[in-house]
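The values are calculated or read from the model by the stated rules, or taken from the named source; none is laboratory data. Remember, it's a predicted structure, so these values are computed and weren't measured experimentally. FYI the Cβ positions are ideal-geometry reconstructions off the backbone, even for glycines, and counts take in every protein chain you see. Protein only, heavy atoms only, side chains kept; ligands, DNA and RNA dropped before computing areas. Shrake-Rupley method; radii C 1.70, N 1.55, O 1.52, S 1.80 Å.
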Amino acid sequence: MRALIFVEHSNGVVSENAFEMLLLAKSIGAECHGLICTGDAGAAQALGTQLTGFDAVSAVADPTVGHYNPEAVLIALKAAVETQAPDVVMTSYSTAGVDLAAGLAVRSERPMLGYVTDLELNSGGLSATSQVYGGKLTAKTDLPLPAVTTVMPGARKAGSLSGAAPAVTMLKPDLSGARTRVREIITPDNSSGVNLGNADMIFCVGRALGGTEKLPLAEALAAALKAELAGSRPVIDAGWLPKIRQVGKSGTKVKPKLYLMAGVSGAPEHLEGMESSELIIAINSDEQAPIFRKAHYGTACDMFQLIPALTERLNSGNS
Amino acid sequence: MHIAVILRLNPVLTDELELTEGGKDIDREWIGFELNPMDDQALEQSVLLKEAHGAKVTAIAAEAEGGERLLRTALARGVDDVLLISNKKDDDAPPPSSRARTPLLVEAIKQVKPDLVITGILSTDDLYGELAPQLAACLNWPQASAVSDVRLDGMVLTVRQEYAGGMAALIEMDLPAVIGLQTAASPPRYVAGSKLRDLLNTKVPEMEASAEFAEDLSEATTLNLPDTSGGAEMIEGDAKSVAARIHEILMERGLV
Ligand SMILES: Cc1cc2nc3c(=O)[nH]c(=O)nc-3n(C[C@H](O)[C@H](O)[C@H](O)COP(=O)(O)OP(=O)(O)OC[C@H]3O[C@@H](n4cnc5c(N)ncnc54)[C@H](O)[C@@H]3O)c2cc1C
């Protein structure tokens, strides 16, 4: 069994997801190959030295992929798959993983499964567990090999394996056909001084908030708790709160002492940003909401009744 | 400039989900269906591009049920044309997956001949790693997912692609291209019920695709309701008593 893991990195550091996928691949006894795409050979070598526990590492070093370029990286990944013939290709469920995995599957005529949380060996290939319907259901699939997967962040606890990092072998696929160019890298705007990543107490509201007219209710509870107010992605997309207050996959990852949340379903992309909070209390009127599988305490009480009641309780209790 | 926007219906996830016997599908009998929220963003972005650049927009759907209503909503929202791909299946079979439907959508796209295809990045029932990259691979067009801003300049498209931690990049692509949209430049617009009623009798053009459904893993997949034991300790009662209990928990932990 051979696994090819697409290794993501940022600012010269390999992402945790690569090691999570490594542990998952090792758990099915796979020989693990890593693929790095980066702008030059020096960067490839420096990233390669971080890949302890991998059995082999190859790299594409080309200015076209100096920053992630969806089309050029897909060409590179496909070339690596052709030379290494892995049984299973693993990408993380990240932007790059979404771009690459399904495209690779179609182009290499392999079956593809997304949102994988676990893999086990079975007679014909692999048995895969994945999350669907916003985390409300799991799916179990007999996955014939060779195949492509995207693996959920957190599928395994990242920890590096001992041993030396393997030498990096350079691949030189022809990337000249790419019709896609990276023009500008945008870093988050931190000028407002909000830093959810450092907050001890967070109160997060979800789509159920319904609009800015209800925002004062949420602000009052956040103030009573001395907590930072945060939002799920739909709250930010609707413009009810600024982007800097978004928790989750495409927002900030947080680890506060208290994460109180109301009207947030607990989709995997939200959980990714907050599931290691020390205490999670969820308010959600749907008893089947996935958040109740992660929260420590939960209530199916209507948030529009509970938020003012809790604010009042805290204000009278604190005074 | 011609834009095709692909729209899909999704189960309303706040409804209680139950499974059919054998777990091959969700029980669709009592559950509501809505325009996939991310396709809703894709629809809005397409109409915004139409308004800014005079582009023509065609909305395409391949739903066995509810497709006509879905496409009439798209007309009410400002698209110019719609196309429903007939998608007849046996009554008992689960609706075909994104993977299965891709060849039919590709055939429709080849007929419509757009310069740009936009669809939502995610559909929560999709086990096969999403539609946009599959379409792009079949069409051999460039593709970007997790897009939150789209600008057009002649035949060059610039999108903002989002990554973890609030990072993003502006990516330029030659058209034709496919994008998996996350967020439109402004929230989906409201359509008055009267506008929808006016369109009630509008004929929705259908196309009979000659392509076959692609093979997928649906036969090899069973769905399960996850084990909820070990989850949250649920606090029961009215708002006042729940508030009192939460306050108590916070005090026990020295958080207030
Ligand atoms: C690539 C990618 C990146 C993403 N990144 C992020 C991210 O960073 N952060 C993020 O949050 N999401 C992210 N998402 C979106 C994610 O998939 C979900 O769509 C989103 O988290 C849902 O937000 P929500 O829980 O607020 O809304 P919903 O899922 O609509 O949930 C609303 C909840 O409110 C409950 N509710 C309704 N009324 C009440 C009431 N009166 N009282 C109490 N509860 C009520 C409902 O039961 C429901 O569970 C991303 C998606 C993709 C594809």
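Numbers for the structure displayed
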{"read-out": "Surface per residue (accessible, 1.4 Å probe) for chain B, Å²", "value": "44"}
{"read-out": "Cα-projected label distance for B:Asp27 with A:Glu219, points at 7 Å along beta-carbon direction, nm", "value": "4.5"}
{"read-out": "Interface residues, region B:1-39 - accessible area loss of 40 Å² or more versus chain alone, probe 1.4 Å", "value": "B:Leu13, B:Leu17"}
{"read-out": "Cβ-defined net charge surrounding A:Lys257, 11 Å radius [Lys, Arg +1; Asp, Glu -1]", "value": "0"}
{"read-out": "Estimated 222 nm signal from helices in the protein assembly as shown, with DSSP H stretches of n ≥ 4 weighted -39500 (n - 2.57), rounded to 500", "value": "-8500 deg cm²/dmol"}
{"read-out": "Region B:1-71-region A:187-232 distance, computed between alpha-carbon centres (Å)", "value": "30"}
{"read-out": "Distance between region B:126-140 and region A:71-144 - C-alpha centres, whole angstrom", "value": "13"}
{"read-out": "Charge context of A:Ala139, other residues only, Cβ under 13 angstrom, K/R +1, D/E -1", "value": "-4"}
{"read-out": "Local electrostatic count at B:Pro37 - Lys and Arg +1, Asp and Glu -1, tallied over other residues with Cβ under 13 Å", "value": "-4"}
{"read-out": "Chains B and A, summed buried accessible surface - 1.4 Å probe, Å², nearest 100", "value": "6700"}
{"read-out": "Cross-link pairs beyond the 21 Å C-alpha cut-off, checked among A:Lys214/B:Lys195; A:Lys78/B:Lys113; A:Lys136/A:Lys249; A:Lys78/B:Lys24", "value": "A:Lys214/B:Lys195; A:Lys78/B:Lys113; A:Lys78/B:Lys24"}
{"read-out": "Karplus-derived 3J(HN,Hα), 6.51/-1.76/1.60, for each residue of region A:277-294, Hz, glycine and proline x", "value": "4, 5, 9, 10, 10, 10, 10, 7, 6, 9, 5, 8, 4, x, 4, 5, 7, 10"}
{"read-out": "Sulfur and carbon atoms: percent of accessible area, the protein assembly as shown [1.4 Å]", "value": "49"}
{"read-out": "Whole-Hz ³J(HN,Hα) from phi, Karplus 6.51 cos²θ - 1.76 cosθ + 1.60, for region B:219-225, glycine and proline x", "value": "5, 8, 10, 10, 9, 9, 7"}
{"read-out": "For region A:196-315, Kirkwood radius (reciprocal of mean inverse C-alpha pair distance, Å)", "value": "13.7"}
{"read-out": "Distance between modelled label sites at A:Ser191 and B:Ala244, nm, 7 Å Cα→Cβ extension", "value": "4.9"}
{"read-out": "Given charges at beta-carbon only (K, R positive; D, E negative), |dipole| of the protein assembly as shown in Debye", "value": "1240"}
{"read-out": "Compactness of region B:1-157 as Cα Rg over 2.2 N^0.38 Å, two decimals", "value": "1.04"}
{"read-out": "Calculated P(r) tail over 33 Å for the protein assembly as shown, as whole % of Cα pairs", "value": "43"}
{"read-out": "15 Å reach of a label modelled at A:Glu120, 7 Å along Cα-to-Cβ, counting backbone N of region A:5-43", "value": "A:27-29"}
{"read-out": "Net lengthening on full extension, A:Asn198/A:Glu82 (0.36 nm per residue, minus Cα-Cα)", "value": "37.3 nm"}
{"read-out": "Per residue value of the accessible surface for region A:96-159 (all protein chains in place, 1.4 Å probe), Å²", "value": "30"}
{"read-out": "Computed FRET value (nearest 0.05) for A:Thr52 with B:Arg197, which takes r as the C-beta separation and R₀ as 60 Å", "value": "0.40"}
{"read-out": "Accessible area expressed per residue, region A:194-319, with surrounding protein chains retained (probe 1.4 Å, Å²)", "value": "37"}
{"read-out": "Antiparallel bridge percentage (DSSP; both residues within region B:2-207; nearest 5)", "value": "40"}
